[in-house]
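A.B. asks: The following block contains the structure, expressed as structure tokens.
The values are calculated or read from the model by the stated rules, or taken from the named source; none is laboratory data. Keep in mind the model is a prediction, meaning the values are calculated, not measured. Glycine also receives a Cβ, built like all others from the backbone with ideal geometry; neighbour counts cover every protein chain displayed.
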Amino acid sequence: MKVGLIYDSLYLEHDVQSHPENARRLRAIMSLLEESALLRQLETPPARDATTEELEWVHAPEHIANVRAWAEAGGAWADPDTYICDRSYDAALRAAGGCLTATEAVLEGSLSSAFCLVRPPGHHATRSRAMGFCLFNNIAVAAEFARRRHGLKRVAIVDFDVHHGNGTQDAFYEDPDVLYYSSHLYPFYPGSGHWREVGQGPGLGATVNVPLPGGCGDDEYRRVGAEVLTPVLRRFRPELVLSSAGFDGHFADPLAGMRLSVAGYAEIAKTLKDLAGELCDGRLVLTLEGGYDLTAMPWAIRSFFEVMLGIEITPDPLGRADGHANVGAVDEVIAAVREVHNLT
């Protein structure tokens, strides 16, 4: 079982230290993987750059040109949350390209699965706009690559970031052959992702949103995985599972209000691995999105690699949070999602 890790030091050069999405995130992850000896068990193919043509499968040429121009001018703010510095365009090309490297390796069989530790992140980036810390939509480009270069007919994207991936949803909202599934805190940035958003036209039903109330933790995410994600993926039968992997749902994260633990993330990893094994010969590619606590996020990612490698999971060093979510509100959301998607 060959598990891949995609990483490049260029990802560190997209950096504003005072911003929560900064280079310290990857440094903390890589440090823990090195200390744990996990890094020696992983395959580390070099990431390539995405081409302009590949980006244009998802983004308007004007958007790509704007990001490049802002970087070449020394930097800018695409919006109040989203910075661009002089190396951001280069890092973003390699972030998207790193996801393509992993996708190709998994589809060709040289890797069984892979985790792309790339930045800047991507799932908020729309066709014509950088937003929410994201410049180019890495996971959407990977989905198109799988279809256009490898001929796949059905690709699933599972997004468990605490924020809804509006850019990814927009990219495939009318497409029946890319399933977009998102579980997220709602209402919360960026404001999209209600369960009534189910796709339109030929894509009707291929967008599945699970808008959760604040305070959800391991138990609630376990329920959502069993009662929504599992039947949705089994019905869709993807040939590849891609995942926008956000770790900002951990109870220690400073930017959100969920209660997942490291052990809870390990359960999410096991669910994804098991479903990919059942439905598409284990083909699973994850890419890093959010996660801003520099202790919790690396430990959660470590647990993902342990699950992917099939080795013993290190005990959660941070434990579980006190309190619980509004059970009635969670029941209502799950019931509504199951009804609108005919899972009952």
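A.B. asks: Given the conditions (1) more than 24 Å from Y221 (Cα to Cα); (2) free of Cβ contacts under 8 Å to residues at least 60 places away in the same chain, which single one is not true for G132?
C.D. replies: G132 satisfies all of (1) more than 24 Å from Y221 (Cα to Cα); (2) free of Cβ contacts under 8 Å to residues at least 60 places away in the same chain except (1).
A.B. asks: I would also like to ask the following. Could you tell me whether A335 is surrounded by 20 or more Cβ atoms within 10 Å (Cβ to Cβ) and modelled with pLDDT of 95 or more?
C.D. replies: Judged against the criteria, A335 is not a match.
A.B. asks: Going through V224, V210 one at a time, which residue ends up being surrounded by 21 or more Cβ atoms within 10 Å (Cβ to Cβ), among the β-branched types (V, I, T) and closer than 21 Å to L255 by Cα?
C.D. replies: V210
A.B. asks: Within region 178-188, can one find any residue that is more than 30 Å from D219 (Cβ to Cβ), among the hydroxyl-bearing types (S, T, Y) and not in a helix (DSSP H, G or I)?
C.D. replies: no
A.B. asks: Something else now. Please go through (1) touching a residue at least 60 places away in the same chain (Cβ under 8 Å); (2) surrounded by fewer than 19 Cβ atoms within 10 Å (Cβ to Cβ); (3) in a loop (DSSP other than H, G, I, E, B); (4) acidic (D, E) for E174 and return the number of the only condition it doesn't satisfy.
C.D. replies: Of everything listed in (1) touching a residue at least 60 places away in the same chain (Cβ under 8 Å); (2) surrounded by fewer than 19 Cβ atoms within 10 Å (Cβ to Cβ); (3) in a loop (DSSP other than H, G, I, E, B); (4) acidic (D, E), E174 misses just condition (1).
A.B. asks: Sticking with this one: Can we say D79 is surrounded by fewer than 22 Cβ atoms within 10 Å (Cβ to Cβ), touching a residue at least 40 places away in the same chain (Cβ under 8 Å) and not aliphatic (A, V, I, L, M)?
C.D. replies: In short, yes.
A.B. asks: Also, I was wondering about something else. Residues that are within 23 Å of L294 (Cβ to Cβ): find the strands (runs of 3 or more DSSP E) completely inside region 1-103 holding 2 or more of those.
C.D. replies: 3-6, 82-85
A.B. asks: Quick check on region 21-45: of everything there that is of a type in the set (D, E, K, R) and touching a residue at least 24 places away in the same chain (Cβ under 8 Å), which residue is surrounded by the most Cβ atoms within 10 Å (Cβ to Cβ)?
C.D. replies: R25
A.B. asks: Taking into account only those residues within region 124-163 that are aliphatic (A, V, I, L, M) and in a loop (DSSP other than H, G, I, E, B), which is nearest to E289 (Cα to Cα)?
C.D. replies: V162
A.B. asks: Moving on to the next point. Of all residues in region 47-63 being touching a helix residue (DSSP H, G or I) at 6+ places or on another chain (Cβ under 7 Å) and over 13 Å from V141 (Cα atoms), which is surrounded by the most Cβ atoms within 10 Å (Cβ to Cβ)?
C.D. replies: A47
A.B. asks: Go over the candidates A321, A263, A252, A296 one by one and state the one that is in contact with a His (Cβ under 6 Å, 6 or more places away or on another chain) and farther than 27 Å from G205 by Cβ.
C.D. replies: The conditions single out A296.
A.B. asks: Give the residue, chosen from E339, E289, E278, E306, that is in contact with a helix residue (DSSP H, G or I) (Cβ under 9 Å, 6 or more places away or on another chain) and farther than 30 Å from N22 by Cα.
C.D. replies: E278
A.B. asks: Write out, first by first residue and then by second, each pair whose Cβ atoms fall under 7 Å of each other, whose residues are 6+ apart or on separate chains, and whose first residue, in region 234-256, is on the phi > 0 side of the Ramachandran plot and in a loop (DSSP other than H, G, I, E, B) while the second is surrounded by fewer than 24 Cβ atoms within 10 Å (Cβ to Cβ) and not hydroxyl-bearing (S, T, Y).
C.D. replies: Close Cβ pairs satisfying both conditions: R237/R154; R237/L279.
A.B. asks: Another one. Can you name every one of the helices (runs of 4 or more DSSP H) wholly within region 260-344 that holds 2 or more residues which are aromatic (F, W, Y) and farther than 25 Å from R235 by Cβ?
C.D. replies: Output list reads 296-309.
A.B. asks: Ok, one more. Restricting to region 2-20, and then to whatever is among the aliphatic types (A, V, I, L, M) and in contact with a strand residue (DSSP E or B) (Cβ under 8 Å, 6 or more places away or on another chain), can you tell me which residue is surrounded by the fewest Cβ atoms within 10 Å (Cβ to Cβ)?
C.D. replies: Filtering first and then ranking leaves V16.
A.B. asks: Suppose we filter L229, L233, L240 for residues that are buried (at least 21 other Cβ atoms within 10 Å of the Cβ) and touching a Phe, Trp or Tyr at 6+ places or on another chain (Cβ under 7 Å); which single one remains?
C.D. replies: Answer to the selection: L229.
A.B. asks: If you scan region 83-121, which residues turn out to be among the acidic types (D, E) and either farther than 21 Å from L240 by Cβ or in contact with a Leu (Cβ under 8 Å, 6 or more places away or on another chain) (or both)?
C.D. replies: D86, D90
A.B. asks: Just give me the residues in region 264-299 being within 23 Å of A140 (Cα to Cα), surrounded by fewer than 24 Cβ atoms within 10 Å (Cβ to Cβ) and β-branched (V, I, T), in sequence order.
C.D. replies: Hit for region 264-299 is T271, nothing else.
A.B. asks: For L107, are the conditions met, namely being assigned to a loop (DSSP other than H, G, I, E, B), over 19 Å from F304 (Cα atoms), among the aliphatic types (A, V, I, L, M) and touching a helix residue (DSSP H, G or I) at 6+ places or on another chain (Cβ under 7 Å)?
C.D. replies: no
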